[in-house]
Amino acid sequence: MPSVQEVLRTNIPYLDAMIEETFRYSHIVPFTTRETIVDTQLLGHRIPRGTQVLFVTSDESFLKPAFPISQAQRLLWANGRKSDYGEWAPSDIADFKPERWLRKEQIVVDGVTTEMEVFDQKAGPCLHLGAGPRGCFGRRLVYLEMRIAVTLLLWRFEFLEVGPELNSFDAIDTSTEEPKDCIVKIREIID
Ligand code: HEM
């Protein structure tokens, strides 16, 4: 088994992409919320001070094609920030596809240019841990634990296919989304 240090220090872009795609797909927290502290507007709609605004973390823009929004509807500030993140192509937005988080980057090592695959956390929208100064406080611990757990499980077990009747992304809604089915069929990998 690899040590925790090895798991955490090794650069494995596909592992990071797979974890990020799992979060995008499972949208564990269905929405985050903010209260407006001044009268404002969102996409042309007046929002008075003291309103609770919910930001859903699934469906349109995340797992379904985005609503059409004209640039004119957005505030100048929001238009400026939009290029910080990529957008998911409508054609495969609904697919579980870790590759969407990967891109090629030219890296120069000892004067030699090499093309490397890198993990890009800003490849597209994903709001599973919230955002900004009040975003999830446990963010670093979440990624740390996921990296360790996923690596050790995949190292030790082969995950076999389970039938479609036991294999859905259906969720039970509480304050978080809990999986309706959480059944795995495993075979131990013996060295
Ligand atoms: C997969 C696991 C987790 C998920 C999906 C998750 C998700 C979230 C979300 C969506 C928020 C709201 C962020 C916002 O409003 O922008 C939040 C806040 C928070 N989370 Fe997590 N979280 C996870 C694990 C953890 C862990 C392990 C800790 C502590 C070690 C933690 C501590 C907190 C705290 C303290 C806040 C409130 C931050 C604030 O209001 O300033 N979370 N989390």
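The values are calculated or read from the model by the stated rules, or taken from the named source; none is laboratory data. Just so it is clear, the structure is predicted and the values come from calculations on it, not from any experiment. Positions of Cβ are backbone-derived with ideal geometry, glycine not excepted, and every protein chain shown enters the neighbour counts. Protein only, heavy atoms only, side chains kept; ligands, DNA and RNA dropped before computing areas. Shrake-Rupley method; radii C 1.70, N 1.55, O 1.52, S 1.80 Å.
A few remarks follow.
- The chymotrypsin sites (Phe, Trp or Tyr not before Pro) of the stretch 103-191 meeting both criteria, a DSSP state outside H, G, I, E and B (loop) and at most 10 other C-beta atoms within 10 angstrom of the site's C-beta, are PHE137.
- Helix 13-26 and the longest principal axis of the C-alpha atoms of the chain enclose an angle of approximately 50°.
- With bins 10 Å wide beginning at 0, the percent of Cα pairs of the stretch 59-136 falling in each bin runs 15, 37, 32, 14, 3.
- Nearest-20 debye value, the chain charge dipole, Cβ charges on Lys, Arg, Asp, Glu: 900 debye
- With contributions of -39500 (n - 2.57) from each DSSP H run of at least four residues, the per-residue ellipticity at 222 nm computed over the chain stands at -7000 deg cm²/dmol.
- The chain: angle of helix 139-156 to the longest principal axis, Cα-based, in degrees nearest 10: 30 degrees
- For the stretch 39-191, the mean projected area of the C-alpha convex hull, equal to one quarter of the hull surface, is 14.9 nm².
- Accessible area per residue in Å² at 1.4 Å probe, computed on the chain: 72 Å²
- When nucleic acids and ligands are ignored and a 1.4 Å probe is applied, LEU144 ends up with an accessible area of around 70 Å².
- Backbone amide hydrogens, once placed in the peptide plane, bring LYS64 within less than 5 Å of ASP59, excluding anything fewer than 5 places away on its chain.
- Equivalent ellipsoid, the stretch 33-96 (semi-axes from 5 times Cα gyration tensor eigenvalues, Å): 25, 15, 10
- The residue list MET1, GLY86, ALA72 was ranked by how far each Cα lies along the charge dipole of the chain toward its positive end, using unit charges on Cβ atoms, and ALA72 comes out on top.
- With all protein chains in place and a 1.4 Å probe, the accessible surface of the stretch 4-135 carries 58 percent carbon and sulfur.
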